Amino acid sequence: MSPIDREAHLNRWRGKPLAEKLTLTLGMLLLTMVLKPWPGAALVAVVMTAAALFGARVSPKLWLACAAAPLGFLAVGAVSVAFRVDLHGVGLAPGGLAAAGALAARSGAGVACLLFLALTTPASDMLAGARKIGVPTEITELALLMYRFLFILADAALAMDAAQAARLGHATKARRLRSLGLLAANLLPRALDRARRLELGLAARGWHGDMRVLSDRLGPTARGMALVASVLGATALFGVLA
Amino acid sequence: MHIMEGFLPVGHAAGWFAASAPFVVAGGVSLRRILRERPEARLNLAASGAFAFVLSALKMPSVTGSCSHPTGVGLGAVVFGPAVMAVLGTIVLLFQALLLAHGGLTTLGANVFSMAIVGPWASYAVWKALRGLGAPIALAVFFAAALGDLSTYATTAVQLALAYPDAETGYAGALVKFGGIFAVTQLPLAIAEGLLTVVVMNALSGRAGHADEIAVLAGEAR
């Protein structure tokens with residue numbers, strides 16, 4: 001269903017402490033926003049891409065596939081910043097190219113940070129971390145249950161979609177829309193039915209709305225945090241001085 | 001339309017987080033109350049949230065030939081009510097960023113504001129108003145979904161225009177630019193989503209044993 005989730009579970013840095021990966025990502029995101037786009041944000045993009053591809057050994061093909069959609073959005077956004085529209089028509093905005101370039105550097109760096117986190121850390125790890133820093137249990141518990149349901153429902157949806165395609169359900173646009181409507185309408189009762197069965201099973205085991213699981217993840221090490229801090233510091237220093 | 005990671009300047013990103021926070025917290029408080037009274041509602045809500053995510057990962061045909069995905073904003077607002085949608089929408093948007101690389105972490109506040117707050121409230125208002133005027137259910141559902149969609153995109157266009165005003169014509173010029181680009185692609189999508197939501201609601205209400213289940217769910221979620 002989600003190749004990103006599979007990679008997050010299988011990459012080389014899967015076992016690295018969450019705090020280290022999260023500090024690196026959020027620190028770099030902050031640097032992207034406060035440093036000058038050139039060379040600060042560009043450097044962040046290089047460092048984070050290298051961390052994902054060489055450090056965590058994420059598949060470059062998957063990385064590119066994930067980056068494609070956001071970069072499409074960026075292309076549209078950058079074009080609208082570079083050009084201006086007035087009563088005389090469309091023209092190049094004054095300073096538009098520079099603004100578009102700065103925007104591209106910032107957003108590119110942001111995407112590199114997001115992809116690093118998404119491709120090295122499973123969402124379930126992050127939710128466990130969220131509970132530790134004091135996000136209400138009701139919310140994290142709901143999110144964890146949702147994460148659990150995602151893959152089951154996605155499998156069902158893909159099977160329904162394939163069945164519809166095999167029966168010419170995608171032949172015309174009108175049929176496609178109808179097929180999608182039927183799929184959604186069949187999926188929702190199934191989802192609720194599954195929820196009810198799961199709830200019955202849990203209630204039979206004395207569930208009170210709190211699922212406690214043992215985590216084998218290690219806490220952050222002094223060495224790892226020092227390494228992260230030095231990478232962040234070096235990037236910030238370079239961005240300020242250059 | 002999700003705003004991508006890193007697209008908004010730091011002040012705007014923080015500002016939209018601040019704007020969204022009260023709605024999400026209020027939704028969280030009402031969610032907590034529901035869950036304390038009925039812990040079993042948790043599984044229904046989780047299944048519905050997962051359903052919204054899966055729906056958003058499917059492709060929807062559009063009139064212009066471009067393909068996009070349904071947002072589920074209208075459906076969710078009509079069935080669950082807008083208050084709970086703020087929390088469910090936030091979790092769904094977070095998963096979209098982490099599992100599909102769609103949207104972003106720094107732009108989460110802005111995306112929550114357009115997709116989990118403005119869209120659902122607009123859908124809900126249209127739904128209530130049309131039903132109050134005695135419009136047929138199908139018509140009310142269509143306009144609730146289509147206008148909820150459009151208000152989401154309009155909000156995104158405003159957010160982008162505020163962040164990147166035109167050098168000469170200012171905010172208004174930027175709004176025309178971003179709005180123009182969105183109108184071409186999103187107007188047909190809004191109509192397609194409206195039609196889709198009608199098909200879904202028709203099929204749902206056609207399942208006799210399950211129609212009341214939806215009503216029960218909607219009741220407990222509000």
Exercise for review: Determine which member of the set A:ARG167, A:ARG212, A:ARG175 is over 30 Å from A:ALA41 (Cβ atoms) and modelled with pLDDT under 85.
Suggested key: A:ARG212
**Study point:** Residues located in the range A:109-125, provided they are modelled with pLDDT under 90 and within 7 Å of chain B (Cβ to nearest Cβ)
**Key:** A:ALA123
Exercise for review: Could you give me the residue pairs with C-beta distances under 6 Å whose first residue belongs to the range A:57-70 and is touching a residue at least 40 places away in the same chain (Cβ under 8 Å), whose second residue is among the hydrophobic types (A, V, I, L, M, F, W, C) and outside any helix (DSSP H, G or I) wherever it lies, and which are 6+ apart or on separate chains?
Suggested key: A:CYS66/B:ALA101; A:PRO70/B:MET4
Point to revise | Subset of the range B:158-173 [at the interface with another protein chain (Cβ under 8 Å from one of its Cβ atoms) and without any contact (Cβ under 8 Å) to a residue 40 or more places away in the chain] | key: B:TYR164, B:ASP166, B:ALA167, B:GLU168, B:THR169, B:GLY173
Point to revise | Yes/no for A:GLY206 being outside any helix (DSSP H, G or I), within 29 Å of the chain's Cα centre (by Cα), at pLDDT below 85 and more than 9 Å from every other protein chain (Cβ to nearest Cβ) | key: no
Check your understanding: Do you know which of the residues in the range A:184-200 that are among the basic types (Lys, Arg) and within 28 Å of the chain's Cα centre (by Cα) is nearest to the other protein chains (Cβ to nearest Cβ)?
Key -> A:ARG194
Check your understanding: Which ones in the range A:20-42 are more than 14 Å from chain B (Cβ to nearest Cβ) and at pLDDT 90 or above?
Key -> A:GLU20
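The values are calculated or read from the model by the stated rules, or taken from the named source; none is laboratory data. For clarity, every value in this text was computed on a predicted model and none was experimentally measured. As a convention, Cβ positions derive from the backbone with ideal geometry for all residues, glycine included, and neighbour counts pool all protein chains shown.
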